[in-house]
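The values are calculated or read from the model by the stated rules, or taken from the named source; none is laboratory data. Fair warning: this is a prediction, and the values are worked out from it, not measured in the lab. Please note: Cβ atoms are built from the backbone with ideal geometry, for glycine as well, and neighbour counts cover all protein chains shown.
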Amino acid sequence: MIFTSIPLIKIHIESLTSQLKREHFQALWELLQTQQTREQGSPKWHGKALRERLEREARGESFWDDVGESFDQNHQQITQGH
């Protein structure tokens, strides 16, 4: 896979460090969120899903997690054989 962030500069994803992959993933995610909102707004189901998620969080049944932290936790589980 090739990631092009600036014209004429191509980056092979496989050659990036885990940290750089996370940073690029986060940047792409933020770009997608911004473009989706500008282009079409949120899907109709999203408001309900978000409200339900916030209610579960308020009851202590779930929590929000940072993308980088999730990657780190998954990496630790994989390297420890879990």
Quiz item: Taking the condition at pLDDT below 85 and either surrounded by 12 or more Cβ atoms within 10 Å (Cβ to Cβ) or of a type in the set (Lys, Arg) (or both), does residue 11 pass?
Solution: yes
Quiz prompt | Number of the exception - residue 36 against (1) at pLDDT 80 or above; (2) more than 10 Å from the chain's Cα centre (by Cα) | solution = (1)
